[in-house]
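Below is a structure I'd like to ask you about.
The values are calculated or read from the model by the stated rules, or taken from the named source; none is laboratory data. What you see is a predicted model, and the numbers here were worked out from it, not measured in a lab. Positions of Cβ are generated from backbone atoms using ideal geometry, with glycine treated the same way; all protein chains shown enter the neighbour counts.
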Amino acid sequence: MSKQKYPRSDALKVAKLLCVSLADITDRLIVAGSLRRRKTEVGDVEILYIPKMVTQSLDFFTATSVSQVDLMLDRLLANGVIAKRKNVNGSVMWGEKNKLAVHVASGIPVDFFAARADTWFNYLVCRTGGAENNRQIAVAANAKGWRWNPYGVGFSDAAGNLVATVAAERDVFDLVGLPYREPWERI
């Protein structure tokens, strides 16, 4: 069964609406996935961000750091703009780093991915995809005896020791010896 596709123009409207809500409460924000790859039809909207944090009191003696994006997503849920959605295994995915939603008015799935500054570029390459591009990176890393950690800071060896960090999107390709591809050139 093939995944439902949505016109790029409709997905861009959803992405813009949500990004406007998140722009001031993120340190970085980008629409990734097939929209970034300039596909004419997409299966979802993927939003990658680094959240700004705020201290929230739990009681008189305890405080915690909370993602402002999480607070905004809670408001969007409460207002019926988005709803939580299940993954392919039928489980709701609404964790600290990955949140699967649907834009209620359009029915377009939206995936929210929280990164950190040190994981940003690895995450960006992975979340931009496509699947074949990511497979090629992983295979090239394996050929060097490395493992690509797409949600981490770089590449590790078989023992899990960090061997290379990623400080730019191009680094992911350069470190494994692949030619850099612009997002719209990735497959």
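Do you know which of the residues in the stretch 84-106 that are in contact with a strand residue (DSSP E or B) (Cβ under 8 Å, 6 or more places away or on another chain) and small (Gly, Ala, Ser) is farthest from Leu12 (Cα to Cα)?
Filtering first and then ranking leaves Ala101.
Of the numbered conditions (1) over 21 Å from the mean Cα position of the chain (by Cα); (2) under 25 Å from Gly43 (Cα atoms), Ala114 satisfies every one except a single condition; which is it?
Unmet for Ala114, out of (1) over 21 Å from the mean Cα position of the chain (by Cα); (2) under 25 Å from Gly43 (Cα atoms): (1).
Can you give me the number of residues within the stretch 170-187 that are surrounded by 15 or more Cβ atoms within 10 Å (Cβ to Cβ), in a loop (DSSP other than H, G, I, E, B) and either at pLDDT below 95 or not basic (Lys, Arg) (or both)?
Number of matching residues: 1.
Now, a different point. Look at Arg75 and say whether it is more than 17 Å from the chain's Cα centre (by Cα), among the charged types (D, E, K, R) and surrounded by fewer than 15 Cβ atoms within 10 Å (Cβ to Cβ). Write out each step before concluding.
Working: more than 17 Å from the chain's Cα centre (by Cα): yes; among the charged types (D, E, K, R): yes; surrounded by fewer than 15 Cβ atoms within 10 Å (Cβ to Cβ): yes.
Taking the combined requirement at face value, the residue satisfies it.
Would you confirm whether any residue within the stretch 92-112 is outside the structural domain of Leu48 (by TED's automatic domain parsing), surrounded by 17 or more Cβ atoms within 10 Å (Cβ to Cβ), aliphatic (A, V, I, L, M) and assigned to a loop (DSSP other than H, G, I, E, B)?
no
Which condition number in (1) modelled with pLDDT of 95 or more; (2) more than 20 Å from Asp10 (Cβ to Cβ); (3) not hydrophobic (A, V, I, L, M, F, W, C) is the one that Ser57 fails?
Condition not satisfied by Ser57: (1).
Only one of Arg127, Arg75, Arg135, Arg170 is free of Cβ contacts under 8 Å to residues at least 12 places away in the same chain, under 29 Å from Lys16 (Cβ atoms) and outside the structural domain of Leu18 (by TED's automatic domain parsing). Can you tell me which?
Step by step, each of Arg127, Arg75, Arg135, Arg170 is checked, and only Arg170 is free of Cβ contacts under 8 Å to residues at least 12 places away in the same chain, under 29 Å from Lys16 (Cβ atoms) and outside the structural domain of Leu18 (by TED's automatic domain parsing).
Further, regarding this structure: I'd like the residue in the stretch 152-163 that is closer than 14 Å to Ala138 by Cα and among the hydrophobic types (A, V, I, L, M, F, W, C) and, out of all such residues, is surrounded by the most Cβ atoms within 10 Å (Cβ to Cβ). Steps first, answer last, please.
Taking the stretch 152-163 first, the residues closer than 14 Å to Ala138 by Cα are 152, 154-158.
Now drop any that are not among the hydrophobic types (A, V, I, L, M, F, W, C), which leaves 155, 158.
Numbers: Phe155: 23, Ala158: 10.
Only one residue fits best here, namely Phe155.
Quickly run through the stretch 37-72 and pick out the residues that are surrounded by 21 or more Cβ atoms within 10 Å (Cβ to Cβ), touching a residue at least 60 places away in the same chain (Cβ under 8 Å) and outside any strand (DSSP E or B).
Listed by number, the list holds a single entry, Asp44.
Further, regarding this structure: Please list, ordered by residue number, the strands (runs of 3 or more DSSP E) wholly in the stretch 122-169 having 3 or more residues that are in contact with a Cys (Cβ under 9 Å, 6 or more places away or on another chain) and more than 23 Å from Ser34 (Cα to Cα). If you could, list the steps in order and put the result at the bottom.
Values: elements: 146-148, 154-157, 162-165.
Qualifying strands (runs of 3 or more DSSP E): none found.
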